[in-house]
1. Look at the range 5-25 and say how many of its residues are under 15 Å from Asp38 (Cβ atoms) and of a type in the set (Val, Ile, Thr).
2. Please work out which one of (1) surrounded by 18 or more Cβ atoms within 10 Å (Cβ to Cβ); (2) modelled with pLDDT of 90 or more; (3) assigned by TED's automatic domain parsing to the domain that holds Ala224 is the condition Cys84 fails and give its number.
3. Would you mind stating whether Ser94 is touching a helix residue (DSSP H, G or I) at 6+ places or on another chain (Cβ under 8 Å), surrounded by fewer than 21 Cβ atoms within 10 Å (Cβ to Cβ), not acidic (Asp, Glu) and not in a strand (DSSP E or B)?
4. For residues that are in a loop (DSSP other than H, G, I, E, B) and under 30 Å from Glu257 (Cβ atoms), tally how many sit in the range 310-349.
5. Looking only at residues that are polar (S, T, N, Q) and assigned to a helix (DSSP H, G or I) in the range 502-527, which one is modelled with the highest pLDDT?
6. For the range 259-318, give me each residue that is within 17 Å of Leu461 (Cβ to Cβ) and free of Cβ contacts under 8 Å to residues at least 12 places away in the same chain.
7. When you check Val79 against the structure, is it β-branched (Val, Ile, Thr) and part of a helix (DSSP H, G or I), yes or no?
Amino acid sequence: MLSSPQIWKEFFETYYRDELNRLAGAVEFDGDRSLYVDFLRDLSIYREGRLGEELLANPDRVLNHAKEGLSLTENIYDVSLDGCVVRFFNLPASKRVLIRDLRSEHISRFVAVEGIVRKVTEVRPRVIVAAFSCTKCGKLVEVAQDDEVVLKQPYECPICKNRKFVLLPEESKTVDSQRIKVQEYPENLRGGEQPQQIDVMLESDLTGKVNPGDRVVINGVVRAKPRKVGSRQLQHMDIHIDGNSVEVLQQEYEEFEITDEDKKKILELAEDKRIFEKVVASIAPSIYGHEDVKLAIALQLFGGVPKKLPDGTEIRGDIHVLLVGDPGVAKSQILRYVHRIAPRSVYTTGKGTTTAGLTATATRDEFDGRWTLEAGALVLADKGIALVDEIDKMRNEDRSALHEAMEQQTVSVAKAGINAVLRARCALLGAANPKYGRFDRYSPIADQINLSPTLLSRFDLIFVLTDEPDESKDRKLAEHILRAHEIGEKFEKLRNIALVEYTKEELTKESELAEILPAIDPELLRKYVAYAKRTVFPVLSEEAKRRITEFYLSLRSRAKDNSAVPVTARQLEALVRLAEASARLRLSDVVEREDVDRVIEIIRRSLEQIAVDPETGEIDIDYAFTGTSKSQRDRIMILKRIIEDLESAYEKGAPEEEIIRAAEGEGIGETKARELLRKMKEMGDIYSPRDGYYRLAVK
């Protein structure tokens, strides 16, 4: 074996002279005690790479040699580096192992695994050598500890044979300890694959460096430990990694390998005049119709440009979209398809499958009782897209955290002494069902789904998917579905029976004609999106800014003379984000007027679905998000004035019949007046001291 303390001393003094001096200076002032060695740059070429190969194959021996060799080196401060640790990073890509590919052959080998941090425990001291005092004679007895949770005690005192001891924490040797759980990247999973996880033990200065949601490369030694049932050890073993170093990655789209051939295809696509039609036709092609929704999702995939202003203010570039609609209109299918084509995505339901649910939480760790910070779907989807089905059924703690996650794009956790702010820079595509089964176009959306007005207002686009009988549309839908089933049946037959009357090429051609084959291959579309987000950062042209201003002012001008407010500054920001996404989809560095016109049309269609007051026919944004239109607010003010005038004249309060009579004189019909009285009572604006009488609530 080549490795020895002397060989490592030679290696450090040859390649790491400056780093040794810096480490000695840090040690002198009780600073960092780790020397980081670049495996690929230095160790893989030293002595023809033999030392590096020995580290990978026999890490325990070689790491001890490296530690001893480090203590033998000299430095300008003449400080002993005894007790310092050597940490290795930047292993070759060929030496990285997927978490799901870890096998028995990797036990006691040095490996690198890449993934996303799912859970982290608190940083707490771990006893490595416990000092005990004999209760009878006071003899100090030291016991080296292993990885077990339970503290090992001395069997008996070597002096008096007593078996009772007291632990002396101040005399024991401890090291900071933390356990993290690393999970496979969600974007690397296909179909129904479950992401696999592995525990990583971190000690000393590696602790406290990572948060849930961070993308990391863990370099360390794979360990195995028999599972236990009570005191019995089983044949099957659990594995974990003893971390030697942690590399926190920049969370961009670098893991997407885009070849020159891919780049050529992407640039050719961008030049196509029908690029928008092709992208829309590539999103859930087996689902008939819903072109507006598919265009919105296409823009959401590409996203706007996140901005950090000179004063530190951050403006999100991610686009949030909500789909509300009747059962059976393929909302969940659309979400599932987006999960397949998005470069980075996490799919979940509003209920959440773990305690972390949608956002994040602090929980007790089942292994050692420490508090654990666990990331939810929005944190895991950082720099990607979170797909949340049945978003209206989320837990209350997620509901409050979602406000912050959607606008500030962070999730704050303050529980059990843990105070943390996690990043959740993701777009949100949610699907919700109406409370009463089917959507009623004559009732405000706020009354029909279990989401607060403040949450609804954070969505850039809201679409209503209704299932209304229409003979022409129904015929086309039936033909499309039956055609898709027929082609699917033929493909299945081809897979299971060798000799059939058609070929795969004929079926593919048939699929294209039936428009159930994506116009752009899903893998190429994923790379197209990743390439656009990585390289294209469009800027608004003067003409685009003029067109946006014109549209915003033309809508706002309708709000004169105390009429309904059609849009707010939130919709203006949504318009800018969508226009940037439109330019990105074209791989253009400039937002042109055509981009603005395209998104004005889609915003107008969204507003017409959710924000048109059925009584006036005007767009009223308050009607969409609060359920109370301007015309309704005016009537409520009239009723309040009537009740105020009447209640002073009647001892028991304002009589209902008198209120209705006065309301009819103000142009409010009896049915509408009774409905508004009921609503005002529900909202706590009025109360009934007795049946049939009303008083204003004192606020």
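1. Final tally of qualifying residues: 1.
2. Answer for Cys84: the failing condition is (3).
3. no
4. Selection size over the range 310-349: 8.
5. Thr508
6. Selection gives Glu291 alone.
7. No.
Table: residues versus (1) crowded, with 16+ Cβ neighbours inside 10 Å; (2) over 26 Å from Val248 (Cα atoms).
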{"site": "Phe165", "(1), (2)": "yes, yes"}
{"site": "Val182", "(1), (2)": "yes, no"}
{"site": "Met201", "(1), (2)": "yes, no"}
{"site": "Ile218", "(1), (2)": "yes, no"}
{"site": "Arg232", "(1), (2)": "no, yes"}
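The values are calculated or read from the model by the stated rules, or taken from the named source; none is laboratory data. In this text the structure is predicted, and so the values were computed from the model without any measurement. Here Cβ is always computed from backbone atoms with ideal geometry, including for glycine, and neighbour counts include all displayed protein chains.
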